[in-house]
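A.B. asks: Below is one structure. I have some questions about it.
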Number of protein chains: 2
Amino acid sequence: MARAWHLKSRPSGMPNQENFDLKDVELPPLKDGQVHVRNLWLSVDPYMRGRMNDVKSYVPPFQVGEPLEGGAIGQVIESKADGLQAGDLVQHMSGWRDEAVLSAHAANKLPNLGFPPEQFLGVLGVTGATAYFGLLEVARAREGDIVFVSAAAGAVGSVVVQIAKAKGMTVIASAGGAEKCDWVRSLGADQVIDYKAAPILKGLAAAAPEGIDVYFDNVGGDHLDAAFALARNNARFAICGMIEGYNDPTPKSFKFIQRIIAARIMVKGFLVLDYYPRIADFYAEMGPWIAAGVVKSRETIVDGLDKVPDAFLGLFSGENTGKMLVRL
Amino acid sequence: MARAWHLKSRPSGMPNQENFDLKDVELPPLKDGQVHVRNLWLSVDPYMRGRMNDVKSYVPPFQVGEPLEGGAIGQVIESKADGLQAGDLVQHMSGWRDEAVLSAHAANKLPNLGFPPEQFLGVLGVTGATAYFGLLEVARAREGDIVFVSAAAGAVGSVVVQIAKAKGMTVIASAGGAEKCDWVRSLGADQVIDYKAAPILKGLAAAAPEGIDVYFDNVGGDHLDAAFALARNNARFAICGMIEGYNDPTPKSFKFIQRIIAARIMVKGFLVLDYYPRIADFYAEMGPWIAAGVVKSRETIVDGLDKVPDAFLGLFSGENTGKMLVRL
């Protein structure tokens with residue numbers, strides 16, 4: 001018997017505990033080509049909020065009464081699949097639960113590179129790849145650029161800051177509260193704006209008197225509008241997330257969006273999965289950066305399967321610094 | 001003595017006659033390298049509204065008490081410049097007036113291709129080039145794409161419709177009122193939405209049940225939001241103008257901007273002047289199209305120098321079908 005978090009009801013606006021239900025589930029008997037996995041680490045990510053709505057998107061919505069899904073690191077406890085054996089660590093998408101039976105095709109064995117396994121959910125995983133391809137491919141950020149990144153104390157933002165510094169860019173970052181700002185500064189950001197202390201437009205205008213060449217957006221709303229206001233000619237915006245709007249159906253208004261014309265701004269939304277065919281580029285640079293301490297990993301860890309909704313909900317109140325993970 | 005329209009005061013919101021002043025100006029004596037030109041055709045364009053604000057942009061703002069500028073076709077009446085002689089037709093930027101003395105470098109002699117000279121302010125000029133490069137280069141629209149173009153009865157929009165059809169695209173267009181919609185349909189648009197008859201989101205959803213690959217934006221606001229709502233994966237938006245906001249300082253709100261992420265939408269503002277180094281590409285395709293009647297030119301003509309502000313103000317109430325021109 002396994003235990004898995006189910007979607008009990010669809011949230012309207014901010015989700016809460018009532019939307020989730022932890023239930024026993026019968027695991028099916030192991031078939032050829034499958035593995036039985038016990039999860040060690042679960043990922044919670046802002047994008048999961050979108051899957052809680054009944055809206056067709058790049059991934060199907062979660063279904064009411066059905067188990068939730070998400071990134072996870074598990075250990076194989078029984079295998080009927082070639083190439084995987086008991087004890088192997090694997091990454092897969094059957095998170096939000098303690099155990100799972102899954103096809104070996106859906107389980108990627110972690111390479112033994114000497115990194116802690118949970119980093120494959122963070123700097124060495126989807127999070128790191130999102131930062132890497134968003135900054136360097138989508139926004140085409142280059143040495144010398146002035147880069148603005150929002151939610152810079154978050155999982156993706158904190159990696160963007162470090163990659164940008166490793167590549168010789170000037171980094172202007174925003175985060176909420178003095179403690180997070182101090183941490184972002186310790187990652188090498190040249191200017192850090194506490195968006196809780198003053199309107200972000202004012203903060204960005206002061207921090208970037210010459211304007212910005214690149215904006216890496218995790219927030220949307222006022223942050224995006226401030227980026228429109230301060231964009232230099234031919235600025236490029238990579239839109240990774242708009243967390244400000246995930247739980248708030250009020251349409252966001254933009255005072256400076258007209259600058260997109262005169263400043264020839266390019267704005268592009270992206271999903272990291274489109275860049276997976278080039279994931280080797282990411283590992284080739286990120287592995288050595290982490291090994292050398294150029295890119296540091298930081299996690300906010302919550303313990304216990306019963307705490308997964310708490311960890312997820314904490315993403316929207318900014319309780320995480322770095323990557324939010326649940327340890328089982 | 002010449003007569004020239006001056007900026008009397010900066011408008012707040014919608015401009016009106018009070019912002020303009022027609023005054024006599026002394027023309028300076030003709031120097032070597034200069035020509036004296038009598039204007040035949042003056043262009044009025046929505047972008048001029050931006051130059052009436054005291055805001056630094058890609059062109060300097062008009063100055064209060066100083067003459068206005070804009071595209072014009074004139075005839076040389078006296079020349080002290082090599083290569084130009086009395087009788088030559090030239091295109092230049094000293095519009096909003098009847099006569100001007102200007103450097104020969106600022107006057108481009110019209111090629112004698114058999115087209116009416118005023119077309120060099122329209123389909124064969126900045127207007128046509130804006131449509132051409134915006135659609136084909138900025139939005140990278142290709143055969144088979146579903147293209148949505150707003151203000152399709154306007155100067156640029158009507159050329160976009162015709163280029164898109166010439167290139168084998170499906171065209172969904174918006175215009176205001178039944179008469180304009182009929183004309184846009186006559187240009188070959190597959191679907192025409194009367195945005196005055198119903199909300200544009202509703203109209204676009206009905207006209208483009210499969211969504212859109214390209215949006216050529218002349219309007220901004222609700223039109224842009226509808227395009228976000230209906231964009232297919234990897235859609236490209238070329239932002240040419242946002243006339244809805246030029247006289248209205250209320251920030252526009254966007255309900256569907258979050259779709260930029262899941263649908264990987266690319267949004268890019270542009271100025272046609274950046275494409276001038278490749279203007280020969282435009283002439284090479286547009287000349288034959290016009291000669292063959294594939295692209296038709298239409299102008300709304302206002303007569304007389306005293307009517308220039310009327311013509312300009314008419315752009316914002318939609319009084320033009322096709323290119324708005326003043327004939328002197």
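The values are calculated or read from the model by the stated rules, or taken from the named source; none is laboratory data. All of these numbers come straight from a predicted model, not from anything done at the bench. For neighbour counting, all protein chains shown are included, and Cβ atoms are generated from backbone atoms with ideal geometry for every residue, glycine included. Protein only, heavy atoms only, side chains kept; ligands, DNA and RNA dropped before computing areas. Shrake-Rupley method; radii C 1.70, N 1.55, O 1.52, S 1.80 Å.
A.B. asks: Could you order A:Asp303, B:Asp213 so the one with the most accessible surface comes first? Probe is 1.4 Å.
C.D. replies: A:Asp303, B:Asp213
A.B. asks: Also, I was wondering about something else. Please report the buried accessible area for the interface of A with B, total over both chains, probe 1.4 Å, in Å² to the nearest 100.
C.D. replies: Approximately 2400 Å² gets buried when A meets B.
A.B. asks: Please compute, for peptide A:232-241, the average count of beta-carbon atoms on other protein chains lying within 10 Å of each residue's beta-carbon.
C.D. replies: Mean partner-chain Cβ count within 10 Å for A:232-241: 2.
A.B. asks: Place the label 7 angstrom along Cα→C-beta at A:Tyr58 and in each other copy, then list the distances from the first to the rest in nm, shortest first.
C.D. replies: Reported distances to equivalent positions: 3.0 nm.
A.B. asks: Using a probe of 1.4 angstrom, how much of the accessible area of the protein assembly as shown is carbon and sulfur, in percent?
C.D. replies: 50 percent
A.B. asks: Hey, another quick one. Quick one: 3J(HN,Hα) in Hz for the range A:27-36, Karplus 6.51/-1.76/1.60 with θ = phi - 60°, rounded, Gly and Pro as x.
C.D. replies: Listing the rounded values in order: 7, x, x, 5, 9, 4, x, 10, 10, 9 Hz.
A.B. asks: Which one, B:Pro28, B:Ser12, B:Leu68, is farthest towards the positive end of the dipole of the range B:9-87 when Lys and Arg carry +1 and Asp and Glu -1 on their Cβ?
C.D. replies: The listed residue farthest towards the positive side: B:Ser12.
A.B. asks: Sticking with this structure for a sec: Quote the accessible area belonging to A:Tyr58 in square angstrom, nearest 10, computed with a 1.4 Å probe and with ligands, DNA and RNA left uncounted.
C.D. replies: Counting only protein heavy atoms, A:Tyr58 exposes about 80 Å² to solvent.
A.B. asks: Skipping prolines and chain starts, which residues have an amide H placed within reach, meaning under 5 Å, of the one on B:Phe237, given they are 5 or more residues away or on another chain?
C.D. replies: Answer set, sorted by chain and number: B:Tyr215, B:Met266, B:Val267, B:Lys268.
A.B. asks: Hey, another quick one. With charges set only on the Cβ (+1 for Lys and Arg, -1 for Asp and Glu), what does the dipole of the range B:247-328 come to about its Cα centre, in debye to the nearest 20?
C.D. replies: 520 debye
A.B. asks: Follow-up. When the solvent-accessible surface of protein heavy atoms is calculated with a 1.4 angstrom probe, in what order do B:Thr170, A:Thr250 fall, highest first?
C.D. replies: Largest accessible area first, the residues go A:Thr250, B:Thr170.
A.B. asks: Can you give the accessible area per residue of chain B, in Å², using a 1.4 Å probe?
C.D. replies: Here the per-residue accessible area is 41 Å².
A.B. asks: Rounded to whole Å and sorted largest first, what semi-axes of the equivalent ellipsoid does the C-alpha gyration tensor of the range A:179-237 yield via the square root of 5 times each eigenvalue?
C.D. replies: 19, 13, 11
A.B. asks: Could you please put B:Glu118, A:Glu299, B:Glu179 in sequence from largest to smallest accessible area, using a 1.4 Å probe?
C.D. replies: Highest to lowest solvent-accessible surface, that is B:Glu179, A:Glu299, B:Glu118.
A.B. asks: Sticking with this structure for a sec: Any chance you could look up the accessible area of A:Thr130 with a 1.4 Å probe, heavy atoms only, rounded to 10 Å²?
C.D. replies: 20 Å²
A.B. asks: Rounded to whole Å, give me the distance from the Cα center of the range B:272-328 to that of the range A:75-120.
C.D. replies: Their Cα centres are 64 Å away from one another.
A.B. asks: Quick one: how many Å² of B:Glu66 are accessible to a 1.4 Å probe, rounded to 10?
C.D. replies: 100 Å²
A.B. asks: Would you grab the residues whose amide H sits under 5 Å from the one on A:Val219? Only those 5+ places off in sequence or on another chain, please, with H modelled 1.01 Å from N.
C.D. replies: Close amide H contacts, sequence-distant or interchain: A:Gly241, A:Ile243.
A.B. asks: Rounded to the nearest Å, what's the spacing between the alpha carbon centres of the range A:6-71 and the range A:221-255? Just the number, please.
C.D. replies: Centre-to-centre (Cα) distance: 29 Å.
A.B. asks: Here's another thing I want to ask about it. What helices does chain A hold that run 18 Å or longer along their axis, going by alpha-carbon atoms, with a Kyte-Doolittle average of -0.5 or more, using DSSP H for the helix calls?
C.D. replies: A:279-292
A.B. asks: Projected onto the charge dipole of chain B (+1 at Lys/Arg Cβ, -1 at Asp/Glu Cβ, origin at the Cα centre), which of B:Gln162, B:Phe133, B:Ala227 gives the Cα projection farthest towards the positive end?
C.D. replies: The Cα lying farthest towards the positive end belongs to B:Ala227.
A.B. asks: Two-decimal Rg/Rh of chain B from alpha-carbon positions, Kirkwood Rh?
C.D. replies: Ratio of gyration radius to Kirkwood radius for chain B: 0.98.
A.B. asks: Taking amide H positions as placed 1.01 Å from N in the peptide plane, with prolines and chain starts having none, which residues 5 or more places from B:Ile193, or on another chain, fall under 5 Å of its amide H?
C.D. replies: Here the answer is B:Ala173, B:Ser174, B:Ala175, since their amide H atoms fall under 5 Å of that of B:Ile193.
A.B. asks: Say the dipole of the range A:247-328 comes from +1 at the beta carbon of Lys and Arg and -1 at that of Asp and Glu; which of A:Ala262, A:Val294, A:Tyr276 then lies farthest toward its positive end?
C.D. replies: Value: A:Ala262.
A.B. asks: For the protein assembly as shown, build the convex hull from the C-alpha positions and give me its volume per residue in Å³.
C.D. replies: 169 Å³
A.B. asks: Once you order the gyration tensor axes a ≥ b ≥ c over the Cα atoms, which shape class does the range A:212-328 get: rounded for a/c under 1.5, otherwise prolate or oblate by comparing a/b with b/c?
C.D. replies: oblate
A.B. asks: Quick one: grab the alpha carbon gyration tensor of the range A:141-210, order the square roots of its eigenvalues as a ≥ b ≥ c, and give me rounded if a/c is under 1.5, else prolate or oblate depending on whether a/b is larger than b/c.
C.D. replies: Note, shape of the range A:141-210 comes out oblate.
A.B. asks: In nm², what is the average projected area of the convex hull enclosing the Cα atoms of the range A:1-105?
C.D. replies: 6.8 nm²
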